[in-house]
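Structure first, then comments.
Read the figures in this text as sums done on the coordinates, not as results from a lab. Quick caveat, the model's predicted, so the values are computed rather than measured. Reconstructed Cβ throughout: ideal geometry from the backbone, glycine too, with neighbour counts over all protein chains shown.
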Ligand code: URP
Ligand code: ZN
Ligand code: ZN
Ligand code: ZN
């Protein structure tokens with residue numbers, strides 16, 4: 001049984017050209033003109049692109065006293081509906097929990113995934129056991145380790161722990177990730193704001209200004225450079241953080257920045273909405289910023305100083321958000337976006353002329369696949385690649401609305417956005433999972449994708465480590481004190 005996508009324009013990160021694509025089983029087997037197959041998908045007027053990869057999701061994650069509401073079933077279904085065919089989710093061990101035990105818990109959540117998935121492992125505590133287990137995690141095909149510089153008293157690691165973990169990542173050929181916010185300063189500012197009676201959702205934004213993100217990004221970059229390891233900075237939301245990444249890249253360090261679709265398109269005015277629910281539903285870390293920061297993020301995508309667009313999909317219902325009434329620090333942090341990332345980025349990025357269709361593919365799929373060592377199995381339209389594909393209709397329109405979304409939550413932060421550019425078909429490893437009329441996700445179809453540590457990008461470019469490697473200096477004629 002073969003499927004042919006006919007009469008479309010293939011759009012990859014490098015090229016746009018007219019050709020048909022033939023798929024057998026999970027794999028693209030032929031690209032050429034006038035191909036035939038058992039099943040034909042008409043792509044007239046459409047772009048045939050690699051399916052989106054979301055490098056940053058939190059599905060069914062225990063967090064702030066509750067669980068994020070979308071699980072691997074509804075989350076991957078939402079992704080599919082919007083053209084995303086793979087997610088990379090965060091496995092979060094509790095402090096003192098074995099990494100391998102946490103991984104087992106995450107494996108157990110994925111039975112109903114309809115798209116392929118992988119994991120990042122979070123380093124939430126440090127010790128001999130974590131040091132040892134990191135090698136086992138890498139052997140399991142998980143080659144990226146996340147460090148929270150915020151969430152003091154919960155997920156946060158201190159600088160000595162983070163530095164030790166960065167060095168271990170360097171030795172294992174793994175890639176460290178950071179959530180860059182100065183957790184000590186956020187905690188101090190939160191306490192002060194609450195003491196002064198600022199307990200509404202806007203207090204969340206006041207407690208974590210761009211400076212706390214810029215400081216942490218700079219710190220992580222310097223420590224990664226000392227450890228001789230590249231660095232991936234998640235949810236870059238502001239110029240201060242972007243500036244640090246630009247500077248590092250200019251000096252020759254491999255530092256990658258990931259803005260979110262939310263920060264690119266939603267701004268801080270959301271927190272000043274008089275409706276408490278409206279503001280609280282948008283509480284996430286880092287918070288939304290002003291237009292100047294948004295412009296910086298768009299410029300970074302255009303210039304290549306920022307590499308990937310993610311969602312950080314971590315969805316909570318209104319009822320869950322309401323646990324923070326009277327204390328913004330108790331509002332579960334996170335927003336959704338899995339279904340909307342591609343249509344919103346296409347509309348705000350490509351239709352506005354900020355990004356070319358090829359750049360769109362790069363930042364939603366191919367760059368991510370390359371950095372996370374999934375390429376060209378994922379992120380490519382190429383013979384031999386997985387048939388994770390989206391047939392993108394640049395003229396199709398809709399108005400985003402919670403009433404028609406796949407996510408299980410009761411609102412959508414993009415409510416009312418009019419998007420032009422939507423999938424006509426989405427294929428998950430060859431399986432037609434979305435048509436114009438229907439989401440035909442198959443729970444259980446998704447598989448874990450193991451990654452190898454042997455990724456060339458996981459070598460640091462900076463030579464700092466070699467230059468300062470400790471060496472003893474022999475000295476003669478040392479003055480004797482007290483003479
Ligand atoms: O507010 C957010 N971003 N929630 C999810 C956890 C994280 O920090 O990425
Ligand atoms: Zn984070
Ligand atoms: Zn996150
Ligand atoms: Zn299947």
Highest average packing first - 85-94, 12-21, Cβ atoms within 10 Å: 85-94, 12-21
Sorted peptide list for 218-224, 107-113, criterion being average Cβ within 10 angstrom, highest first: 218-224, 107-113
Normalised contact order of the chain, rounded percent, pairs of Cα under 8 Å and 6 or more residues apart: 22
Radius of gyration, Dmax [the range 106-210; alpha carbons; angstrom]: 17.1, 50
For the range 381-407 and the range 167-225, distance of Cα centres in Å: 34
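What order do you get for 428, 462 when you list them from fewest to most C-beta neighbours inside 10 Å? If you can, show how the numbers build up before the last one.
Numbers: 428 30, 462 20.
Neighbour counts put them in this order, fewest first: 462, 428.
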Euclidean distance between Cα centres, the range 19-86 to the range 426-458, Å: 5
Peptides ranked, highest mean first, by Cβ atoms within 10 Å: ranges 258-265, 373-380: 258-265, 373-380
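Quote the relative contact order of the range 47-159 in percent (integer), defining contacts as alpha-carbon pairs under 8 Å separated by 6+ residues. The partial results should precede the final answer.
On the way: 175 pairs, mean separation 26.4, N = 113.
Reported relative contact order: 23 percent.
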Average Cα contact separation per residue, the range 268-397, under 8 Å, 6 or more apart, as relative contact order %: 19
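Based on Cα coordinates alone, diagonalise the gyration tensor for the range 373-483, multiply each eigenvalue by 5, take square roots, and list the semi-axes in whole Å, largest first.
Working: eigenvalues 622, 96, 39 Å².
Taking √(5λ) for each eigenvalue gives 56, 22, 14 Å, largest first.
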Computed Rg/Rh of the range 1-119, alpha carbon atoms with Kirkwood Rh: 1.12
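Please order 253, 382 by the number of other Cβ within 10 Å, starting at the fewest.
Values: 253 20, 382 16.
Sorted ascending by nearby Cβ count, the order is 382, 253.
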Counting DSSP beta bridges with both ends in the chain, the antiparallel % (nearest 5): 50
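Run through every distinct alpha carbon pair of the range 341-394 and return the Kirkwood hydrodynamic radius in angstroms, one decimal place.
Taking every pair of different Cα atoms in the range 341-394, averaging 1/r and inverting gives 11.7 Å.
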Gyration tensor (Cα) of the chain, equivalent ellipsoid semi-axes in angstrom: 37, 28, 21
Least to most buried among 149, 156 (fewest other Cβ within 10 Å first): 156, 149
